[in-house]
Amino acid sequence: MTTELKPCPFCGEKVFSVHEICNGFNQIVCWEFSCGNEVCGTKTAIYIKERDMAIAAWNKRAAQGEKI
Ligand SMILES: [Zn+2]
């Protein structure tokens with residue numbers, strides 16, 4: 001599945017990465033989203049089962065420009 005990540009809502013950086021940082025209880029995985037712009041340094045973690053779900057959750061936040 002190719003779900004595109006929305007760019008950083010704070011600086012607009014498109015090099016936004018997502019990777020698994022831990023595997024928790026009940027198949028919940030911690031996905032870390034980090035901005036590729038060092039000056040911005042936005043980082044957030046989303047705890048959810050699947051990568052696509054995490055990306056969808058991130059995209060929703062990014063679309064709303066929510067404070068992370
Ligand atoms: Zn950023």
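Derivation of every value follows stated rules applied to the coordinates shown; laboratory data play no part. In this text the structure is predicted, and so the values were computed from the model without any measurement. Positions of Cβ are backbone-derived with ideal geometry, glycine not excepted, and every protein chain shown enters the neighbour counts.
List the relative contact order of the chain as a percent without decimals, with contacts defined as Cα pairs under 8 Å and 6+ residues apart.
Relative contact order comes out at 31 percent.
What is the gain in length, in nm to one decimal, between TYR47 and GLN27 on full extension, counting 0.36 nm per residue of separation less the C-alpha to C-alpha distance? Mind showing how you got there, number by number?
Details: separation 20, 0.36 × 20 = 7.20 nm, distance 0.99 nm.
Additional length available on full extension: 6.2 nm.
List the GluC sites (Glu not before Pro) within the chain that DSSP assigns to loop and that have no more than 10 neighbouring Cβ atoms inside 10 Å.
Taking the chain and a limit of 10 other Cβ atoms within 10 Å, the loop GluC sites (Glu not before Pro) found are GLU4, GLU38, GLU66.
Quick one: putting +1 on the C-beta of Lys and Arg, -1 on the C-beta of Asp and Glu, what dipole do you get for region 16-64 around its Cα centre, in Debye to the nearest 20?
160 debye
What does the charge count around ILE48 come to, taking other residues whose C-beta lies under 15 Å from its C-beta (Lys +1, Arg +1, Asp -1, Glu -1)?
Its environment carries a net charge of 0.
On full extension of the chain, what length is gained from GLU38 through ALA56, given 0.36 nm per residue of separation minus the C-alpha to C-alpha distance? Kindly include the intermediate steps, with their values, before the conclusion.
Details: separation 18, 0.36 × 18 = 6.48 nm, distance 2.39 nm.
Contour length minus Cα-Cα distance gives 4.1 nm.
Over all distinct Cα pairs, what is the inverse of the mean 1/r for region 14-68, reported as the Kirkwood hydrodynamic radius in Å?
Hydrodynamic radius (Kirkwood, Cα only) of region 14-68 equals 11.6 Å.
Listing CYS35, CYS30 from the residue with the fewest other Cβ atoms within 10 Å to the one with the most, what is the order?
With the fewest neighbours first, CYS35, CYS30 line up as CYS30, CYS35.
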